[in-house]
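No value in this document is a laboratory result; all are computed from the given coordinates. Keep in mind that what you see is a predicted model, and the values were worked out from it rather than measured. So basically every Cβ, Gly included, is an ideal-geometry build from the backbone, and we count neighbours across all protein chains shown.
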2 protein chains.
Amino acid sequence: MPVLVMKFGGTSVANLDRIRRAAKRVAVEVAKGYDVIVIVSAMSGKTNELVGWVSETSPFFDAREYDAVVSSGENVTAGLMALTLQEMDIPARSWQGWQVPVQTTSAHAAARIEDIPPANIEAKFAEGMRVAVVAGFQGVSPEGRITTLGRGGSDTTAVAFAAAFEAERCDIYTDVDGVYTTDPRISDKARKLDRIAFEEMLELASLGAKVLQTRSVELAMRYNVRLRVLSSFEEQSDEAGTLVCDEEDVMENRPVSGIAYSRDEAKMTLVSVADRPGIAAAIFGPLSEAGVNVDMIIQNIAEDGRTDMTFSCPVDQVANAKKAMEGAKASGEINYHELIADTDVAKVSAVGIGMRSQSGVAATMFKTLSDEGINIKVIATSEIKISVLIDRKYMELAVQALHDAFELEKAD
Amino acid sequence: MPVLVMKFGGTSVANLDRIRRAAKRVAVEVAKGYDVIVIVSAMSGKTNELVGWVSETSPFFDAREYDAVVSSGENVTAGLMALTLQEMDIPARSWQGWQVPVQTTSAHAAARIEDIPPANIEAKFAEGMRVAVVAGFQGVSPEGRITTLGRGGSDTTAVAFAAAFEAERCDIYTDVDGVYTTDPRISDKARKLDRIAFEEMLELASLGAKVLQTRSVELAMRYNVRLRVLSSFEEQSDEAGTLVCDEEDVMENRPVSGIAYSRDEAKMTLVSVADRPGIAAAIFGPLSEAGVNVDMIIQNIAEDGRTDMTFSCPVDQVANAKKAMEGAKASGEINYHELIADTDVAKVSAVGIGMRSQSGVAATMFKTLSDEGINIKVIATSEIKISVLIDRKYMELAVQALHDAFELEKAD
């Protein structure tokens, strides 16, 4: 029988009533003839409680013990979900990560899935079991210890199972009903997308649209897993939610699919640094070592052998960045006249695979912002994304104006 | 290095502060040079919460899923205890049942430990680990599924580890500071015993003294594990608590060690049953099938080929017992004139290994009750116990009078 993977996040299994509601969704798919693998998160709030206990006990905790404690939340949900399905006369059983086994690296608290041998679960499907309920977010290391995949890891668990079992689709049930053209809290014209390409979803996820964990999208893209995001709080049809899929399967043919934003950015400029080979390495090496996530980088045209170097990073990393630059200056690795930090900026991005083939996106974007009187501080582009840094106070205006300019409220 | 097993029950690990306090007790033993195996229960209240969720989800639950859910509480405590010990610079790690492995039968929710191969933990001790923190109450079945040992099972886990590792002693930390000559809530003359024999402890445990799980005492007796019960809420010396040990190690030489009671008993009498071979089997077979725990049995002298049969059972099983007897009568298996149930009785018992060698205990007991005007309804004796059924309203009086009569308030 074809296999379907269904993943339910913390709010979708927050209490016994919601677990029952989720189980009813599973029953619908079982009735269609699927063998279903259900991936569950911990009941919402539980993981935070466990993490709190660990942090209070040991501020610099042994990640192996953190994993042993924190993974217990998913085990509870898995057992309760299996029991709920059994009550509905659906043959089901729960699996903890080590029982499958979900084989991971030993990087505790941030492990990566290496393999999921399907034999054990497939044998049970062959015996008539219809639903395997698997505790998400966890696995087992080569040393036989429990690992976790990092926050949001249950999405990754779901995609990895879909790949390992060659599932027809991987449905991610969450508290939003899909991926939107922009944040509905910022623009009331935001429209749910029926489909979005993996690459677009990756850009949106990395820009802070918190629908899916970035790693799960990367994994889905690599193994070409059809990924659907949909709400567990609404009646669902087969076309509900947003399908994240291969570029060829995306019907829409517009240059821009969505407008993303990131509120807490900072812009830093090193004024008058020597324009010599190796200067970029001398600047960004120390920043990387200091744990600063540098995003955009701009180098001005050199004059008299000196140039200005501008980069952006999250606003809460500005202090670390300053310290790293001052250290590099003190040790003689780099030399600069001044370090200017602008901590009142935001990033707004237009994302769309259509950009590859359609020109004029950048021009439209810059003209729209200009018409609104918004000054652009930094520009960065990739094949399917154009990002600008602007003053934070214009962020919402910029998102709304760009959403209008690219006519994202209109369905194709 | 010699091994010590220390077990902390739910109230002893109820929150992070109490876990820290327990860890300090462990540190004291580590400093003495022991390699320590710590067995932990779930934080108090957690197991009840999990059991509640399972029962609400599925009244007739799959015990395999029950075990998967309910075992998670101990895993949390084990990780937190290991982290707490690490914070005190004591090399420690947690072990879940399947990691040790604690090999059990497949009787889910009531599994029995079959073997605990010590190799994995011993290898870590050899590498310098000083404390293995093991999640109590759980194990793994031959099928690789998680099992639990039934309520109070952590005591049994502790004793089984002490046997497997040939530990010097097994210390059970709980919320009482030892085993008393009787319930201090009933007699303010109750005295803590320094030592008690396994057999006496077994009788007391089966009579409702809730200090230790009966199975753990049986196991300790079989493997001659020195078992100490002591409070986790008091400063401890090496002589604290009560040592449960071999008969030869008990110094006290009195006929009676303790007075136990059981409040909720019922006495049932089948009036005028045929006195023929096989009649006992015909009566107690159906009772056993109905799940009635028959305790005392008395058969009167027969007259004219008929006799009265009296037995006792917990008062909440009277309805089941009646139904079983009426069914057996209806099917012709047995015949009786009348079934009388007296649901207002209590059982009071004097327990002591000294009875074996010292006579007059029964006489003292009967005279004491007679002097207080208490009528004895049923008498049952074993080698080290005399039990009587009396009207429930006299129970406290009987316990106090017997405690006085056997001078249990006096230390040897």
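Couple of notes before you dig in:
- One residue of chain B places its C-beta nearer than any other to the axis carrying B onto A; that residue and its whole-Å distance are B:S72, 2.
- Legend: P(r) of the range A:3-175 from all alpha carbon pair distances, 5 Å bins from 0, whole percents, reading 2, 10, 19, 23, 20, 14, 7, 3, 1, 0.
- Our summary of shape: the Cα atoms of the protein assembly as shown have principal axis extents of 120, 64, 42 Å, ordered from largest down, in whole angstrom.
- Cβ charges +1 (Lys, Arg) and -1 (Asp, Glu), total dipole of the protein assembly as shown, debye: 220
- Positive dipole terminus of the range B:3-251, leading residue within B:M221, B:S12, B:N120 (C-beta point charges): B:S12
- The radius of gyration of the Cα set in the range B:206-293, together with its Dmax, comes out at 20.0, 61 angstrom.
- Cα gyration tensor, the range A:59-127 - rounded (a/c under 1.5), prolate or oblate: oblate
- Relative contact order of chain A, pairs being alpha-carbon contacts under 8 Å that are 6 or more residues apart, as %: 14
- The calculated 222 nm mean residue ellipticity attributable to helices in chain A amounts to -10000 deg cm²/dmol, summing -39500 (n - 2.57) over DSSP H runs of n ≥ 4 and dividing by all residues.
- Label point 7 Å beyond Cα along the C-beta direction, distances from B:G291 to other copies (nm, shortest first): 5.6
- Cα centroid separation, the range A:12-57 to the range B:19-48 (Å): 32
- Exposed trypsin sites (Lys or Arg not before Pro) absent: longest stretch of chain A, with sites in DSSP loops and at most 13 other Cβ within 10 Å deemed exposed: A:211-409
- Under the span-like rule (Cα at least 20 Å along the axis, Kyte-Doolittle mean at least 0.0), DSSP H helices of chain A: A:72-87
- Note on the range A:259-405: dipole from Cβ charges, positive end direction compared against A:M268, A:V351, A:A290; the farthest Cα belongs to A:V351.
- The range A:260-339: radius of gyration over Cα atoms, expressed as a fraction of 2.2 N^0.38 Å: 1.06
- At 7 Å out from Cα toward Cβ: B:E218 inter-copy label distances (nm, ascending): 5.5
- Members of A:K46/B:K192; B:K189/B:K377; A:K7/B:K7 lying beyond 30 Å, as alpha-carbon distances in this model show: A:K46/B:K192; A:K7/B:K7
- Bins of 5 Å from zero: percent of alpha-carbon pairs in the range B:259-405: 2, 9, 19, 19, 17, 14, 11, 7, 2, 0, 0
- Formal net charge of residues neighbouring A:D295 (Cβ-Cβ distance under 9 Å; K, R +1; D, E -1): 0
- Distance between the range B:111-190 and the range A:343-412 - C-alpha centres, whole angstrom: 64
- Sequence-distant residues sharing a close amide H with B:Y180 (under 5 Å, placed H): B:L193
- Position A:A411: other-copy label points at 8.6 nm, ordered by increasing distance, label point 7 Å along Cα→C-beta.
- All C-alpha to C-alpha distances of chain B, sorted into 10 Å bins beginning at zero, yield P(r) values of 5, 20, 26, 24, 17, 7, 2, 0 percent in whole numbers.
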